[in-house]
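Okay, structure first, notes after.
The values are calculated or read from the model by the stated rules, or taken from the named source; none is laboratory data. What you see is a predicted model; the values in this text were computed from it and never measured. Glycine gets a Cβ as well: all are built from the backbone with ideal geometry, and neighbour counts include every protein chain shown. Protein only, heavy atoms only, side chains kept; ligands, DNA and RNA dropped before computing areas. Shrake-Rupley method; radii C 1.70, N 1.55, O 1.52, S 1.80 Å.
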Amino acid sequence: MASACWSLPESFCQFPALDGRTLRMMRKTIDGSFRDLVRSFSDAIDAATAPLQLALNAIERAFTSTPWIVVLAVLLAIVWAGSRSWRIVAGSAVAMCAIGWFGLWEDTMVTLAMVSVCTVAAVIIGLPIGILAARSDRMQRLVNPVLDVMQTLPSFVYLIPVVVIFGIGKVPGMIAVVIYAVPPMIRLTNLGIRLVDAEVLEAAEAFGSSARQKLWNVQLPLALPALMTGVNQTIMMSLSMVVVASMVGVGGLGKNVLQAINNQFFTLGFMNGFALVAIAIVFDRTSQAFGRRLQKHREAAHD
């Protein structure tokens, strides 16, 4: 023992730690108290998550029960409205047709419904927090450590408190996805507003603009590229988290990927992974093209 410890005293060989019994009692006390707290607020939690469940179910039914040709036409129309590029529209049509050809249409619609709801929720939450962080250094100092923890915490760890509080199902999975996807929206909103040229803000003040008018008429339009990048990254993070969220009852492509991992089904995993990649590319190209169009329109309006 002495030679293995470089001839140091035994107290320097093993780090002083709590004994196993104390650790077990501590974990038991904390876990039990947390479960009791969740049970006491279970009715309030159910009432708070009920609208999310209704919204998700409604959108999912709309995606899955509508004829595929109608859904495809609407999706391509959205892609065209966002990108105004026939190349992106054609690529999106080929990707969606390939997804349907391999029998993944319904699972893809479930995943699209989940990603759509999660993205909207993350933007609604992240945008005002980012604006507050940009307008207040104290708020930024409070938010940054939380975002650091959220972005470095392994994605599987998000599921532990979510499952304990909300149980198993689509809504807990959606909450986990939103928590995972919201940090880029907050950070990029904060960064975009803070990078607005001070001289532009001084000119707005000279013309008598209030703080609200400066925000809506100057800062947000000038921060638009950063905001669109935040939306883009939120979509990508939502798609990447869908597979992990399938462990708590979220269906769609993530469930199939998880099944392929558990059963070592290479083909099943590859096809569902291809569908996720195809959706991600469509969202990415469309949102980026939309952001560039808005930027060009803003520059033309100021010229």
Proximal aspartates and glutamates to LYS28, defined as alpha-carbon separation beneath 13 angstrom and excluding residues fewer than eight positions away on the same chain: ASP36
At least 18 Å along the helix axis (C-alpha) and Kyte average at least 1.0, DSSP helices within the chain: 68-83, 86-101, 105-135, 170-194, 224-245
Gap separating the Cα centres of the range 91-155 and the range 45-66, nearest whole Å: 17 Å
CD proxy at 222 nm, helix term only [per DSSP H run n ≥ 4: -39500 (n - 2.57); per residue of the chain; nearest 500]: -27000 deg cm²/dmol
Residues of the range 133-219: accessible area per residue with a 1.4 Å probe, Å²: 55 Å²
Computed FRET value (nearest 0.05) for TRP86 with PHE266, which takes r as the C-beta separation and R₀ as 35 Å: 0.50
Of SER65, SER33, SER92, the one that fluctuates the most in a GNM where the chain has Cα springs shorter than 10 Å: SER33
Proximal lysines relative to LYS255, as straight alpha-carbon distance under 23 Å, when same-chain residues fewer than 8 apart are discounted: LYS170
Carbon and sulfur %, accessible surface of the chain computed with the full protein complex present, 1.4 Å: 66 percent
Heavy-atom surface of the range 31-98, accessible at 1.4 Å and reported per residue (Å²): 64 Å²
Unpartnered cysteines - no second Cys beta carbon under 4.7 Å - across the chain: CYS97, CYS118
The chain shape via C-alpha gyration tensor axes, a/c threshold 1.5: oblate
Set of lysines near LYS214 by C-alpha distance (under 29 Å), chain-local residues within fewer than 8 positions excluded: LYS296
Among PHE265, PHE34, PHE15: highest mean-square fluctuation, GNM of the chain, C-alpha pairs under 10 Å: PHE15
Spacing of the two label points (7 Å from each Cα toward its C-beta) at ASP19 and ARG212, in nm: 6.5 nm
Highest-MSF residue in the chain out of ASP137, ASP148, ASP31 [GNM, Cα springs under 10 Å]: ASP31
